[in-house]
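What follows is a set of notes on a single structure, which appears directly below.
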Amino acid sequence: MATLHLQNISKHYDQVIAVHDLSLEIHSGELLVLVGPSGCGKSTTLRLIAGLEDLTSGSIQINGAEVSQLPPKDRDIAMVFQNYALYPHMTVAANLGFSLKMKKTPRSEINTRVRHTAQILNIEELLDRKPGQLSGGQMQRVAVGRAMIRDPAVFLFDEPLSNLDAKLRLSTRDELQQLHQRLQATMVYVTHDQVEALTLGDRIAVMHEGKLQQLATPREVYDRPANTFVASFMGSPGMNLIPADEFPTTIKKAVTLGIRPEDIQFTDDQQGHTFAINSVQQTGADTWVRGQLGTTEITIRTPATFEKRTGTTTCILLPQERMCYFDAEGARMETP
Ligand code: ADP
Ligand code: MG
């Protein structure tokens, strides 16, 4: 177990600022998810932590000790890459034991630890195969095992589920969560998938264009997004953002109102806001209704029993207590 502190880290590639002045304190035993759209600097951040890239500025500490000048092998960090990066000519057993062999660990101890790791990950029957003879899900397990066997201070995962099909992604996500609980290890997990972030993270760090947008628990990020970017990025579909001037009587300083698609209710009461239905999409479990609220198109998530048709007009309620308020810069305001 270890703490990991990133202090004002930046990484510039010529004109590109991949990571800008990022500070994060990751607690011992915490699973922190770094989430954001493609190109926002997630992989670069992991590579900086691992020592695969040099910092432009800032510092990185593990358990309070500066590591940013250390080569990767001396940082006590194990990384699981998106493409798994297994050695194709080695068996699974040799892949798992490779780092221990490099450290001149005795043969018998390597064998014991390889077997133990394979047992935990349920891949004992694969030990004699080569990566070319494995499915995507099996390769993913071997890659996790190769990190686990080193018993590192910090685990780094770079989109480890993105090459798996949808069903396997769900079950593997579940297994990773259980593995984290079992190992109680400090982990930084990168994904562009906001659902993965919300389900896996003890806390979530949302990034956009190299900058940290919000660091908070999944609940907090979802219910109280720090700004309009986080509001619309997190959630599927994202939070509805409505110009305040659609509601001339109610709002004082807020420029934008935010409300989650599932928080809006349909009503027959003419007191509600007029809503013209543009489209109705069944997703199985529920229905997404898109339509006009004044000049703004919004999405409402409603039970699958919804019966109204495209082209008709109805009324909706926007509960005040579920509303978020944002200022002219897009930052969330405590009160409107
Ligand atoms: P993410 O993992 O969030 O998709 P990356 O960290 O890979 O994003 O990239 C962040 C930004 O830095 C992107 O604009 C990318 O093009 C740029 N970048 C990453 N690596 C390099 C590099 N070696 N040289 C130049 N630009 C890079
Ligand atoms: Mg990446």
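The values are calculated or read from the model by the stated rules, or taken from the named source; none is laboratory data. Since the structure is predicted, the reported quantities are computational estimates derived from the model, not experimental observations. Every residue, glycine as well, gets a Cβ built from its backbone with ideal geometry; the counts of neighbours run over all protein chains shown. These accessible areas exclude ligands, DNA and RNA; they are computed on the full protein's heavy atoms, side chains included. Shrake-Rupley method; radii C 1.70, N 1.55, O 1.52, S 1.80 Å.
Taking Ile259 as meeting all but one of (1) open to solvent by 30 Å² or more (accessible area, probe 1.4 Å); (2) touching a residue at least 60 places away in the same chain (Cβ under 8 Å), write down the number of the exception.
Failed condition: (1).
Here is a list: His5, His27. Which entry is away from ligand 2 (no atom under 16 Å from the Cβ), without any contact (Cβ under 8 Å) to a residue 60 or more places away in the chain and either of a type in the set (D, E, K, R) or open to solvent by 10 Å² or more (accessible area, probe 1.4 Å) (or both)?
Within the list His5, His27, the selection yields His5.
Test each condition in (1) in contact with a His (Cβ under 7 Å, 6 or more places away or on another chain); (2) open to solvent by less than 60 Å² (accessible area, probe 1.4 Å) for Lys211 and report the one that comes out false.
In the conditions (1) in contact with a His (Cβ under 7 Å, 6 or more places away or on another chain); (2) open to solvent by less than 60 Å² (accessible area, probe 1.4 Å), Lys211 misses (2) alone.
Does Asp268 satisfy the condition of being farther than 30 Å from His192 by Cβ, more than 23 Å from the chain's Cα centre (by Cα) and free of Cβ contacts under 8 Å to residues at least 12 places away in the same chain? Explain how you work it out, then say what you get.
On the way: farther than 30 Å from His192 by Cβ: yes; more than 23 Å from the chain's Cα centre (by Cα): yes; free of Cβ contacts under 8 Å to residues at least 12 places away in the same chain: no.
Spelling it out, it is not the case that Asp268 is farther than 30 Å from His192 by Cβ, more than 23 Å from the chain's Cα centre (by Cα) and free of Cβ contacts under 8 Å to residues at least 12 places away in the same chain.
Filter the stretch 152-185 down to residues that are more than 26 Å from Gly39 (Cβ to Cβ) and touching a strand residue (DSSP E or B) at 6+ places or on another chain (Cβ under 6 Å) and give me whichever is surrounded by the most Cβ atoms within 10 Å (Cβ to Cβ).
This residue is Ala185.
(1) assigned to a helix (DSSP H, G or I); (2) open to solvent by less than 10 Å² (accessible area, probe 1.4 Å): which one isn't true of Arg146, the others all being true?
Unmet condition: (2).
Give just the number: which of (1) more than 13 Å from Ile77 (Cβ to Cβ); (2) within 16 Å of ligand 2 (Cβ to nearest atom); (3) buried (at least 22 other Cβ atoms within 10 Å of the Cβ) does Gln140 not satisfy?
All conditions pass for Gln140, except number (2).
Quick one: which strands (runs of 3 or more DSSP E) sit completely within the stretch 1-89 and have at least 1 residues that are within 12 Å of ligand 1 (Cβ to nearest atom)? Spell out the reasoning first.
On the way: elements: 4-13, 16-26, 31-35, 57-62, 77-80.
Because the criterion is at least 1 residues that are within 12 Å of ligand 1 (Cβ to nearest atom), the strands (runs of 3 or more DSSP E) in the stretch 1-89 that meet it are 4-13, 16-26, 31-35.
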